[in-house]
Amino acid sequence: EAKAAGRSVIRFYDPNTQSILAQRFRLEVELRHALEREEFSLAFQKQVGLKGQCVGVEALLRWNHPVRGEVPPSQFIPIAEDNGLIVEIGDWVLASACRQLALWEGRSQAGKITVSVNVSSRQFHQADFVEKVVRIVDESGIRPAGLCLEITESMVLSDLDDTLRKMMALRAHGIQIAMDDFGTGFSSMAYLSRLPFDEVKIDKSFVQQSGEHASGNAWIIIETIINMAHNLGMRVVAEGIETSQQHEFLTNLGCDRFQGFHLGRPGNVQALEQSLDVALATD
Ligand code: C2E
Ligand code: MG
Ligand code: MG
Ligand code: MG
């Protein structure tokens, strides 16, 4: 009817929808130029061990747009996934992170830290992904075990056989693999035992239910995850730690590494190195 048709026309010309689509299209065009214009950078966030020492860093991609300022990864990574640009961007992230680790490894003070790099589904499932990572690691000169690739449940689920094959090949080269955002999906528990992860990162949604509100049941789930991961020979990282209570609570539950604003915000190389110097000085 006219009324129904009118409604659908109105919906079609909804100014909000229009601007979201237009905005997405503009971002997509600008994203295509971002690499060559050198608008990407990496932020690094510390991971600390049980003594508070820095044991690793996670590399987090930043897009410094000349007009928009910093565009959050949650806004542009899904677009880059859709149009395939994530493959090229991901190569840049891997090479930059390995180059930075090589610089740190060149200085004795850095010790044997790991650098963790997030890998997207489209990137991981490329036919030449493993060869590419191995080449980047070789060219940078880092210890292969210094690199830890973070993958997520949805990537595993999209092709379990391919995931297993690639994990075995990467591990044969000594490269580490972490399961990121653990616990947010429905089947994480089921396949954790079937895939050879080195590390499990408990998602911040669980971490933030612990600590202050420890009376709930969140801690039972966390403890179960930790025990299972340890029994499978994997280390456990708690991410998104924002308070000292959460840090203490997760330490007592048996986590091995800790990451979050409470321990250090993501920052550029200079900011990270400064915080490391402070940590070393107080040792
Ligand atoms: P993620 O891998 O789970 O990374 C952790 C995110 O939590 C980061 O957000 C980090 O800044 C944030 N975070 C750290 N500590 C805290 C805390 O205490 N509280 C809270 N609320 N948040 C905290 P960011 O940098 O915005 O990245 C968001 C997501 O974008 C990442 O989640 C990851 O999935 C993706 N991402 C980031 N860099 C890359 C990349 O180079 N490649 C790919 N494919 N994805 C990336
Ligand atoms: Mg991550
Ligand atoms: Mg993630
Ligand atoms: Mg995460």
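The values are calculated or read from the model by the stated rules, or taken from the named source; none is laboratory data. Since the structure is predicted, the reported quantities are computational estimates derived from the model, not experimental observations. Glycine also receives a Cβ, built like all others from the backbone with ideal geometry; neighbour counts cover every protein chain displayed. In case anyone asks, the SASA skips ligands and DNA or RNA and just uses the protein heavy atoms, side chains included. Shrake-Rupley method; radii C 1.70, N 1.55, O 1.52, S 1.80 Å.
Rounded to the nearest 20 debye, the dipole magnitude of the chain is 120 debye, with +1 charges on Lys and Arg beta carbons, -1 on Asp and Glu beta carbons, and the Cα centre as origin.
Remark on Arg235: its backbone amide H falls under 5 Å from those of Glu199, Val200, a criterion applied only to residues 5 or more positions apart or on other chains, H modelled at 1.01 Å from N. Solvent-accessible surface (1.4 Å probe) assigned to Leu160 amounts to roughly 50 Å².
The HN-Hα couplings worked out from phi for the stretch 83-95 by the Karplus form 6.51 cos²θ - 1.76 cosθ + 1.60 (θ = phi - 60°) are 8, x, 4, 4, 5, 5, 5, x, 4, 4, 4, 4, 5 Hz, whole numbers, x standing for Gly and Pro. Rolling a 1.4 Å probe over the protein chains gives Asp180 an accessible area of about 10 Å². Accessible surface computed residue by residue for the stretch 18-70, with neighbouring protein chains in place and a 1.4 Å probe, gives 56 Å² per residue. Phi angles of the stretch 194-200 translate, via the Karplus equation with coefficients 6.51, -1.76, 1.60 and θ = phi - 60°, into HN-Hα couplings of 9, 10, x, 7, 8, 8, 10 Hz per residue; Gly and Pro are given as x. Of all DSSP beta bridges confined to the chain, the antiparallel ones make up roughly 40%.
In order along the stretch 145-154, the Karplus-derived 3J(HN,Hα) couplings, from 6.51 cos²θ - 1.76 cosθ + 1.60 at θ = phi - 60°, round to 5, x, 9, 10, 8, 9, 10, 10, 4, 4 Hz, and Gly and Pro are given as x. Straight-line reach from Lys132: taking Cα to Cα under 20 Å and skipping same-chain neighbours fewer than 8 places apart, the lysines in range are Lys166.
Counting pairs of alpha carbon atoms under 8 Å apart in space and at least six apart in sequence, what relative contact order in percent does the stretch 141-190 give?
51
Computed on the Cα trace of the stretch 30-128, the radius of gyration divided by the Kirkwood hydrodynamic radius gives Rg/Rh = 1.02.
Expressed as a whole percent, the accessible area of the chain that falls on carbon and sulfur atoms is 53 (1.4 Å probe). Thr184 sits with roughly 80 Å² accessible to a 1.4 Å probe, with DNA, RNA and ligands left out of the calculation.
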